[in-house]
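The block underneath contains the structure these notes are about, expressed in structure tokens.
The values are calculated or read from the model by the stated rules, or taken from the named source; none is laboratory data. Keep in mind that what you see is a predicted model, and the values were worked out from it rather than measured. Here Cβ is always computed from backbone atoms with ideal geometry, including for glycine, and neighbour counts include all displayed protein chains.
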Amino acid sequence: MPSPAPGPVELEPLFTDRSGFAPDGPPHAVVRARTVADVQRTLAEATRTGTPVVTRGAGTGLAGGAVAGRDAIVLDVSGLDRILDIDPADGIARVEPGVIAADLDRTAAEHGLMYAPDPGSVAICTVGGNVATNAGGLRGAKYGVTRDSVLALDVVLADGTLLHVGHDTVKGVVGLDLVSLFVGSEGTLGVVVGATVRLLPRPARVATAVAYFASVTEAAQASIALGAARVRPAVLELVDGPTLAAIDDLRGSDHAGLGAALLLVQTDGFGAGEEIEAVAAVLARTARSVRTTEDPAVAADLAAARRDALPAIEAKGRVLIEDIAVPRSRLAEAVDGVHAIASATGTDIFVFAHAGDGNLHPIILLPPEDLDGLAAHRAADEIFALALALGGTVSAEHGVGLLKHAWLERELGADVLALQRRIKQLFDSAGILNPGKAI
């Protein structure tokens, strides 16, 4: 096994992830893998000794999936960070797990291609972490989530065995779809050490529309109307009134004066301009105002409200960043329900959403006096219950980790959860891989 990283100063950043979940103490050791063989030796030894292993990349997760307690080994794979190959002809890239998602997209752009997944942390998160949580992002309305871009994976199992699963072709139906099984498994079935991902043609044109509405309900209903009009935006984002007010406080802007909610819409491809005109026509039926552009500089200015949403909320204090999804047709009910929970619990909750796929991010502000965040977590539980009542899920793209583990049986049912745990037992009989997370 490679030598553990020495010293508490070096270990401290690896205790947890961006969820803020506090482990019960520093990890037993940290292994900074530089080769696949490092990963294999670490897992084989951990299986032999029954030592838990928590794999991590950049630590940008929000559900406690990379939290490592006192007895665990942290397996840091961020040093496996090479883009091994870009193949423009086949539209694929082969990468190691520590590659930053935005770096892969920039490299693909040199070939007129793009890597579609773009989580909010795209500038700092890793491809391996995206695979572990099946991360989404703003472009998910058109291009889907990470699973839709992964063709094949190199995975080290708990006993150190190295597997290649999937195909380096766009099509491939031989055998069970093990790629989809590993994507989103949060490091509980194996450690991803390589990925073959799909690259798409970079859009020739991008057009942007921003619309302000008198209520968040009207904005949510307008996003649903876009689907009924059969337009397919690449980006369809909603920002609620409290968030707009927070942005105004941070930037000195006047978004809240323009409306109680905002929709940001982007179309792309050769017909982007024509499609944004169709979008604007739908939005104009109920919006207070609509503005469109194909100028990248103007578009960046129009999109600033969505970009500034989370920083503006975080400027007000500690936050609990949550993540649910509902059927798109029930988006308005979900946003109204979250606001009702805020009123009933006396908590400040801000909402922005990937409206194109029904994915809401309720951001709960923790009062300074609530050191343990109990009120915020009670509000979060009510939000999770709301999501399930509307036919949705308690986690759309952040994963389950530790923070949502208690909701697994309620969403999945006892029989399905038992089956998933039997599958984990098959891959990890010693139970060392990220125990207590995801399943």
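Within the set Asp87, Asp105, the sole residue that is closer than 30 Å to Pro311 by Cα and of a type in the set (Asp, Glu) turns out to be Asp105.
Total residues in the range 237-270 satisfying the condition of being within 18 Å of Gly227 (Cβ to Cβ) and either of a type in the set (Val, Ile, Thr) or without any contact (Cβ under 8 Å) to a residue 40 or more places away in the chain (or both): the figure is 2.
Conditions (1) crowded, with 20+ Cβ neighbours inside 10 Å; (2) closer than 24 Å to Ala141 by Cα; (3) in the same structural domain as Gly120 (by TED's automatic domain parsing); (4) at pLDDT below 95, marked per residue:
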{"position": "Ser289", "(1), (2), (3), (4)": "no, yes, no, no"}
{"position": "Glu333", "(1), (2), (3), (4)": "no, yes, no, no"}
{"position": "Leu360", "(1), (2), (3), (4)": "yes, yes, no, no"}
{"position": "Asp372", "(1), (2), (3), (4)": "no, no, no, yes"}
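Scan the range 421-431 and give yes if some residue there is surrounded by 15 or more Cβ atoms within 10 Å (Cβ to Cβ), of a type in the set (Ser, Thr, Tyr) and touching a residue at least 60 places away in the same chain (Cβ under 8 Å), otherwise no. No, there is no match, as no residue in the range 421-431 is surrounded by 15 or more Cβ atoms within 10 Å (Cβ to Cβ), of a type in the set (Ser, Thr, Tyr) and touching a residue at least 60 places away in the same chain (Cβ under 8 Å).
Is it true that some residue in the range 411-433 is part of a helix (DSSP H, G or I), at pLDDT 95 or above, in the same structural domain as Glu314 (by TED's automatic domain parsing) and closer than 21 Å to Asn134 by Cα? Scanning the range 411-433 turns up no residue that is part of a helix (DSSP H, G or I), at pLDDT 95 or above, in the same structural domain as Glu314 (by TED's automatic domain parsing) and closer than 21 Å to Asn134 by Cα.
Here Gly436 passes the criteria (1) at pLDDT 95 or above; (2) surrounded by fewer than 22 Cβ atoms within 10 Å (Cβ to Cβ) except the one numbered (1). Residues in the range 241-259 include none that are assigned by TED's automatic domain parsing to the domain that holds Val351, within 19 Å of His361 (Cβ to Cβ) and part of a loop (DSSP other than H, G, I, E, B). Considering every residue within the range 300-319, establish whether at least one is over 24 Å from Ala135 (Cβ atoms), assigned by TED's automatic domain parsing to the domain that holds Ala229 and in a helix (DSSP H, G or I). Taking every residue of the range 300-319 in turn, at least one turns out to be over 24 Å from Ala135 (Cβ atoms), assigned by TED's automatic domain parsing to the domain that holds Ala229 and in a helix (DSSP H, G or I). In the range 239-274, the residue that is farthest from Thr293 (Cα to Cα) out of those that are polar (S, T, N, Q) and within 22 Å of the chain's Cα centre (by Cα) is Thr243. Apart from one condition, Thr42 fits all of (1) modelled with pLDDT of 95 or more; (2) among the polar types (S, T, N, Q); (3) assigned to a loop (DSSP other than H, G, I, E, B); the exception is (3).
Looking across the range 153-179 at every residue that is over 14 Å from Gly190 (Cα atoms) and touching a Ser or Thr at 6+ places or on another chain (Cβ under 9 Å), the one that is modelled with the lowest pLDDT is identified as Asp168. Among residues of the range 392-420 being among the acidic types (Asp, Glu) and closer than 25 Å to Asp17 by Cα, the one that is surrounded by the most Cβ atoms within 10 Å (Cβ to Cβ) is Glu397.
I'd like to know if the range 262-278 contains one or more residues that are β-branched (Val, Ile, Thr), out of contact with any Asp or Glu (no Cβ under 8 Å at 6 or more places or on another chain) and more than 26 Å from Pro362 (Cα to Cα). Scanning the range 262-278 turns up no residue that is β-branched (Val, Ile, Thr), out of contact with any Asp or Glu (no Cβ under 8 Å at 6 or more places or on another chain) and more than 26 Å from Pro362 (Cα to Cα). For Ala387, indicate whether it is part of a loop (DSSP other than H, G, I, E, B), touching a residue at least 40 places away in the same chain (Cβ under 8 Å), at negative phi and not hydroxyl-bearing (Ser, Thr, Tyr). For Ala387, the condition - part of a loop (DSSP other than H, G, I, E, B), touching a residue at least 40 places away in the same chain (Cβ under 8 Å), at negative phi and not hydroxyl-bearing (Ser, Thr, Tyr) - is not met.
Of the candidates Thr55, Thr107, the single residue that is out of contact with any Gly (no Cβ under 6 Å at 6 or more places or on another chain), polar (S, T, N, Q) and in the same structural domain as Val165 (by TED's automatic domain parsing) is Thr107. Number of residues in the range 88-132 that are at pLDDT 95 or above, of a type in the set (Ser, Thr, Tyr) and surrounded by 19 or more Cβ atoms within 10 Å (Cβ to Cβ): the value is 2. Being modelled with pLDDT of 95 or more and within 22 Å of Arg139 (Cβ to Cβ) narrows it down to one residue among Ile324, Ile349; which is it? Just one listed residue meets the conditions, Ile324. Within the range 351-389, track down each residue that is among the aromatic types (Phe, Trp, Tyr) and in contact with a Leu (Cβ under 7 Å, 6 or more places away or on another chain). Across the range 351-389, the qualifying residue is only Phe352. Looking at this structure, is Leu264 under 18 Å from Val338 (Cβ atoms) and either part of a helix (DSSP H, G or I) or at pLDDT 95 or above (or both)? No; evaluated as a whole, the condition is false for this residue.
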